[in-house]
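Written below as structure tokens is the structure these notes are about.
The values are calculated or read from the model by the stated rules, or taken from the named source; none is laboratory data. None of the values given here were measured: they were computed from a predicted structure. Cβ sites come from the backbone with ideal geometry, for glycine too, and all protein chains shown count toward neighbours.
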Amino acid sequence: MKRRKTLLILSLVLVVAVGAIVAEKAVAQHVDKINTIDEEVFNISAEDATQLTVTKDGKTAVIEKQDDTWKNTSDTDFPVDQDYVAKIFEAFESVHASFIIDDVEDYSQYGISNPEGKITFTTADGTNEITFGSFSTIDKKRYICVDGGSVYLIDTDLLEKLSGDIEDYLDRDKVEGYSQLTAMRITGASKANVVYDPDGKYTYTDAYNFYNVSDNEHQPLSESKVLGYLSTLSSLDLSNYETYKATEEDMSKYGLDKPTLTVTLTGEVPADDSDEDDSVKSVNQTLYFSYKDGKDKAYLCFDGSTIVYAITAEEYENVLKANYEDLRPDEIVSIDWTKVAQVSAKIDGETHIIEVDHSGDGNKYSVGDDKIEFVTATSKIDGLTLSEVGEDYKKGTEELAFAITLDDNDATVVNVVMYQYDGDSCVVSVDGNIVGLCNRSSMSNLREEITSAILNKGKDQ
């Protein structure tokens, strides 16, 4: 009973839909014959096609197949995006319609006489043309006409997938969508030699995966900053270009024969030709940039490409932010407190030793035989960040020093010293090397917390 009722409702909906379309066209002198269908009304194979012509928004793009490669008919040096063309054929390999209008006498009432666009496929057997009309006012579906015959209503607006502007067919370069960046080398106006080594044992902590290699020293980097820089490269606006067939003379003209910045990326991307979902392959890309001071734009070219792109000076300035100082972690130290054996704090010339006990639930801290509340202090140590990165800061009087001894085979010690600089900042030294400035209030809050913990030792612990 329920099934019969459902079928009845669907039948009524269908009748109403057809009737609505008929009513919509009743103003015309001739009412065309309309039938509901659900069938393929056009198909095309990319292998069979030899030419493709698209007209839309007053522009016409014509491409043809040469040696199995799609070329711009008017300029074969124009690099056509083969994937872009493939997607067009995917959209038209099987076109389905929900209504058919036969014996059409007035194509104008469907927008076919003055179409919004059309596409022509040429094969060895001839040509097929699809004309795109207006939308039906009832259900907002697009009218199309195939080879000047019947008019159809299609469920998907295929015109949205087309462009008559040949510029949209340009095979623009792009930064690969790396599933894992493994190396990044930057030379010129900025310098960095970034490597991905998650198993490296270069510092007291295993919190870092990326390092800057300089003079055989591995300096830890912020993973979010490294990937953020990669995102900056990927987000460059490559819609504007100077030429798509650059010669050596062009490269010299735009300064790309002697780039001001060179970025080489190495990483893993999905292997398209593999049957394994998790299969990857390694790829390399090199990007060359050139810029002259005072200009409002810079130039970019990918290695192996003949396209010279124009980017803004602001975009170029963002690409320059690739030095170690730009990519270094913000935190002054990265400590796993479950692996700390001892903390030594020096304030006003007096040194205090805080022992760490891991035998129970959570860490327990003590000075001599007295327990202390030191968890807040550890949180403040974790929260210490650099406001500026660099080594050329003149240090004043020492204000706070602490050494963290790790519970490892080497009893590794991380030494941090904070010195006076000015009213707002302190100079920070880690393991004897000045690394930059930190907010003075952060240092003062930590100093007060350590002092309070020690002064209150043994109380209510």
Check: So which residues in region 408-440 are farther than 19 Å from residue 345 by Cβ and free of Cβ contacts under 8 Å to residues at least 40 places away in the same chain, if there are any at all?
Finding: 409, 410, 421, 422, 423, 424, 425
Check: Just for region 184-195: of the residues that are in contact (Cβ under 8 Å) with a residue 24 or more places away in the chain and either in the same structural domain as residue 413 (by TED's automatic domain parsing) or outside any loop (DSSP other than H, G, I, E, B) (or both), which one is surrounded by the fewest Cβ atoms within 10 Å (Cβ to Cβ)?
Finding: 187
Item checked: Hey, residue 386 aliphatic (A, V, I, L, M), over 24 Å from residue 354 (Cα atoms), in a strand (DSSP E or B) and in contact (Cβ under 8 Å) with a residue 24 or more places away in the chain or not -> yes
Check: Given the structure, is residue 280 among the β-branched types (Val, Ile, Thr) and modelled with pLDDT under 95?
Finding: yes
Check: In the set 322, 298, which member is in contact with a strand residue (DSSP E or B) (Cβ under 9 Å, 6 or more places away or on another chain) and either assigned to a strand (DSSP E or B) or under 29 Å from residue 83 (Cβ atoms) (or both)?
Finding: 298
Next item on the list: Among the numbered conditions (1) at pLDDT 95 or above; (2) touching a strand residue (DSSP E or B) at 6+ places or on another chain (Cβ under 7 Å); (3) among the β-branched types (Val, Ile, Thr), tell me where residue 389 comes up short.
Entry: (1)
Check: In the set 264, 205, which member is in a strand (DSSP E or B), of a type in the set (Val, Ile, Thr) and either touching a residue at least 60 places away in the same chain (Cβ under 8 Å) or in the same structural domain as residue 320 (by TED's automatic domain parsing) (or both)?
Finding: 264
Next item on the list: Only strands (runs of 3 or more DSSP E) wholly contained in region 87-139 count here; list those with 2 or more residues that are closer than 14 Å to residue 150 by Cβ.
Entry: 95-102, 126-135
Margin query: Within region 56-63, does at least one residue satisfy the condition of being on the phi > 0 side of the Ramachandran plot, surrounded by fewer than 17 Cβ atoms within 10 Å (Cβ to Cβ) and either assigned to a loop (DSSP other than H, G, I, E, B) or in the same structural domain as residue 140 (by TED's automatic domain parsing) (or both)?
Written below: yes
Next item on the list: Looking for whichever is part of a loop (DSSP other than H, G, I, E, B) and either within 21 Å of the chain's Cα centre (by Cα) or on the phi > 0 side of the Ramachandran plot (or both) here; the options are 233, 238. Which one fits?
Entry: 238
